[in-house]
Every structure is written in C-alpha cells, then in structure tokens.
Amino acid sequence: MCGAIHWDRANELVVGNFTSAQASWLRRHLSGFASLVQWRMDQYHTDYPLGAELGLPLPTEATEDRRLNAILDWHCCEEESEEVRLWHEPDLFAGLYKDINLVWATLPERGGMVVLREERQIRAWFRVLLDYRITAAISWRVPDAIYDLRREQPEPGDELGRAFYLTTWLWDVAHELAEISKITVSR
C-alpha cells in the first residue's frame, strides 16, 4: 500500500481518492480497531457505588491494554488521576467507536472517492486516523512514531521501517485532510 491521499475541496464537499489497496487496508485495520474499542466498552458496568442508581456504566479499573492506554494518554491530561480517567474513558471510547463507524460508512469498499459532506464527517476521519495511528504505533512496536514522525526512520525494507512508514502515512492523510478542510485541531 503506497501513495498519498490528496484531499480536495469542492464547495462544501471534501473529497479524497483511495486506491483499492488503500481502502482495503484501512477497512481491514479499522475493523480490528472497532473490535478493540468495543471489547473495552463491553467491560463497563454499573456494579460500583452509585452505579445502579445512576445507571452509568463505567470501568472499575484501568485497562492493561497498552494501545488503549496510549489513546487515553493522548486525549487526557497527564496530571489527571486514574479515577478521573476512568470517569472520562466511556465518553472517549463511545465517541471513537461512533466515529470509526462513520468513517467505515464513508470509505468505499473497493477504493474510489471518499466524499465528506459535513464537518462531523471530517472530524471523525481526522480523529479515527490519528487514534488508529497511536494504536498501530504501539502494536507495530514503533511507539516513537506517535510523537516524533520526522526523526530518522528505520530502513524501509524491514518490518519496523514499514510500520514507521504506515504510521507516518496515517498522520499525513489526517493532517492533509485537516489542512484542506480548514478544521482547527489541538494536536
């Protein structure tokens, strides 16, 4: 899977053309990403003080999954206590799961034109690409790629080089989308 995705703007629409290989790769990986997020959300319950009364399912302990923790680290302030992170986690992952499904719905199965008609779709794409990039960097053992995309990269022919390339590709696709759509992003 090679090549950039060039986004363009046509009036209110934002469009990008994905090759068959790019669309297939992204669909396959987003499917696994959605399963990971759903797996974590299935661990939430109301079996805690006030839980049954409030009806608010929450995690009772932090996840041990390094990929999910990396996403939480990216979105949460480092100074937040574990209790605050546990309180915010369900909203973060429920929104991410919804965004993954929105991206999935707008990504052609066999490649072709992605047409984003509203800011909500644009923001979903941006978020999903960046959050999946974090997960991928952890899974593929290139955590440096989360924060330092322009450092000297491993050799392109080896496994780490490919992982670093794909992590950088996700970053580039997301940031070109943000640039062409003129959305304001904080990270």
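The values are calculated or read from the model by the stated rules, or taken from the named source; none is laboratory data. All figures in this text were calculated on a predicted structure; none of them were measured in a lab. All Cβ positions, glycine included, derive from the backbone under ideal geometry; neighbour counts span all protein chains shown. SASA here: full protein model, heavy atoms, side chains in, ligands and nucleic acids out. Shrake-Rupley method; radii C 1.70, N 1.55, O 1.52, S 1.80 Å.
Numbers at a glance
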{"item": "List His45, His6, His88, ordered by accessible area with a 1.4 Å probe, largest first", "result": "His6, His88, His45"}
{"item": "Area accessible to solvent at Glu53, 1.4 Å probe radius, in Å²", "result": "150 Å²"}
{"item": "Spin-label pair Val115/Ala21, simplified geometry with 7 Å Cα→Cβ offset, distance in nm", "result": "2.7 nm"}
{"item": "Estimated dipole of the chain in Debye, rounded to 20 [Cβ of Lys and Arg +1, of Asp and Glu -1, Cα centre]", "result": "900 debye"}
{"item": "Solvent accessible area, Å² - Leu130, 1.4 Å probe, full protein context", "result": "10 Å²"}
{"item": "Arg127, Arg28, reordered so the largest accessible area comes first (probe 1.4 Å)", "result": "Arg28, Arg127"}
{"item": "Share of Cα-Cα pairs in the chain lying beyond 24 Å, as whole percent", "result": "42 percent"}
{"item": "Accessible area of Ser181 in the full protein assembly, 1.4 Å probe (Å², nearest 10)", "result": "10 Å²"}
{"item": "Stokes-Einstein D for the stretch 10-91, Kirkwood Rh over Cα pairs, 20 °C, 1.002 mPa s (µm²/s)", "result": "139 µm²/s"}
{"item": "Accessible surface ranking that places the most exposed of Asp91, Asp73 first, with a 1.4 angstrom probe", "result": "Asp91, Asp73"}
{"item": "Percent accessible area from carbon and sulfur atoms, the chain, protein chains only, probe 1.4 Å", "result": "50 percent"}
{"item": "Helical mean residue ellipticity (222 nm; -39500 (n - 2.57) per DSSP H run of 4+; nearest 500) of the chain", "result": "-19000 deg cm²/dmol"}
